[in-house]
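Report on the structure given below.
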Amino acid sequence: MAEKKIKRIGVLTSGGDAPGMNAAVRAVVRTAMDMNMDCIGILRGWQGLINSDFRRMDANSVNHILTRGGTILYTARSEDFMTPAGRDRAVTTCKMLGIDAIVAIGGDGTFRGALELSRLGVPVVGIPATIDNDLGCSNYTIGFDSACNTAIDCIDKLRDTMQSHERCSVVEVMGRNAGFLALYVSIAAGATAVLVPERELDFQRDVVERIQNARLAGNTHFMIVVAEGVGSAFDIGKRIKEEIGMDPRVTVLGHIQRGGSPNARDRETATRFGYRAVKALSEGRSDCIIGTKHGDIVEIPIEEALQMKKALQMERYEVLEAMGNFSH
Ligand code: F6P
């Protein structure tokens, strides 16, 4: 709980970047100004707080960033912040710069850092932003929808050439240890099969039979989506060659999924999250994560938020299978 009136907020982005992070930064800065608070941009996430890397923010410093991918504040994953000495230096930076509270934009690593900092007496509010959408505390995380659209664009293009050559394509998508991105994208792109870490791989059932069913339905090209948490798409491609005799082409979408202009959902969500984070601080609430629950914006204590798990909706998997049994 923020006991004293917040006059100056530090805002940072940390962990893997996500489309919409800039929109969230803009919303934090503008809301702070609107509520007569001062704002400082901390560069390079928690590492920047340790090193006192900052820039003053005013209304003009966030002009034209609503549409921009990446993060103007840069981002990093900080080993130093994992140590008590690093965190003490971060607290010193806050004191030196007169920062009364921090708004931290990122994923679970960012929020673990936020919890530690809050325990040292610095009020913190977290904003969920990760293309993985793997945070239990929020139905939605900034960047997911834009990343899905980027992946779908790529897969649609792959499909064109796979169709012409009557080939099998194996596409690896990001998601760290989670399959949310892969499953969502697979349904939207009409994949033949999807492999996610949440479901133990049975190669015969999940790949061979999916391809057989699609072939029997009249298809001559096949799209297998592999979540990176399952393992390498190249290994899956190799097994397809060994066990079915096809000669698949493998594509790893990689960091391309993290770039690009945020779409409407990410801009809108980021702006609402940013506004709510500052509003919470202005009303004396802190040490929480802003999230969505059934469309509403909620504030969840950080410790509780970090323990919440989000399950992959297996019904989506069934939907994909039902669709894949027919001709494209
Ligand atoms: O958490 C976002 C994410 O893009 C994951 O999907 C991926 O596993 C990871 O970050 C990649 O991290 P890096 O940018 O450090 O390679």
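At a glance:
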{"quantity": "Of Lys157/Lys238; Lys5/Lys309; Lys7/Lys309, those spanning more than 31 Å from alpha-carbon to alpha-carbon", "calculated": "Lys5/Lys309; Lys7/Lys309"}
{"quantity": "Placed amide H near Val250: partners under 5 Å, 5+ positions off or other chain", "calculated": "Val170"}
{"quantity": "The chain, helix-only ellipticity at 222 nm - DSSP H runs n ≥ 4, -39,500 (n - 2.57), divided by all residues, nearest 500", "calculated": "-13000 deg cm²/dmol"}
{"quantity": "Ranking by accessible area, most exposed first, for Asp132, Asp202 with a 1.4 Å probe", "calculated": "Asp202, Asp132"}
{"quantity": "Amide H partners (placed H, <5 Å) of Phe222, local residues excluded", "calculated": "Arg167, Cys168, Ser169"}
{"quantity": "Exposure ranking of Glu315, Glu200, Glu299, Glu283 by accessible area [1.4 Å probe, largest first]", "calculated": "Glu200, Glu315, Glu283, Glu299"}
{"quantity": "Solvent-accessible area per residue, Å², over segment 179-328 with all protein chains present [probe radius 1.4 Å]", "calculated": "49 Å²"}
{"quantity": "Segment 1-79 versus segment 210-269: alpha-carbon centroid distance in Å", "calculated": "35 Å"}
{"quantity": "Hz values of 3J(HN,Hα) by residue in segment 110-125 - Karplus curve (6.51, -1.76, 1.60), Gly and Pro given as x", "calculated": "4, 6, 5, x, 4, 5, 4, 5, 5, 5, 8, x, 9, x, 9, 10"}
{"quantity": "HN-Hα J in Hz across segment 175-182 - Karplus 6.51, -1.76, 1.60, θ = phi - 60°, x for Gly and Pro", "calculated": "x, 6, 9, 10, x, 4, 4, 4"}
{"quantity": "For segment 48-53, 3J(HN,Hα) per residue [Karplus equation, 6.51 cos²θ - 1.76 cosθ + 1.60, θ = phi - 60°, Hz, x = Gly/Pro]", "calculated": "x, 5, 5, 8, 6, 8"}
{"quantity": "Listed residues Gly218, Gly69, Gly143, most fluctuating in the chain (Gaussian network, C-alpha, under 10 Å)", "calculated": "Gly218"}
{"quantity": "Share of alpha-carbon pairs per 10 Å distance bin for the chain, given as whole %", "calculated": "6, 27, 29, 18, 13, 6, 1"}
{"quantity": "Carbon plus sulfur fraction of accessible area for the chain, probe 1.4 Å, in percent", "calculated": "48 percent"}
{"quantity": "Long-range amide H partners of Gly126 with built H, under 5 Å", "calculated": "Ala104, Cys288, Ile289, Ile290"}
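The values are calculated or read from the model by the stated rules, or taken from the named source; none is laboratory data. A quick note: this is a predicted structure, and the numbers were derived from the prediction, not measured. Accessible surface is based on the protein model in full, side chains and every heavy atom, while ligands, DNA and RNA are left aside. Shrake-Rupley method; radii C 1.70, N 1.55, O 1.52, S 1.80 Å.
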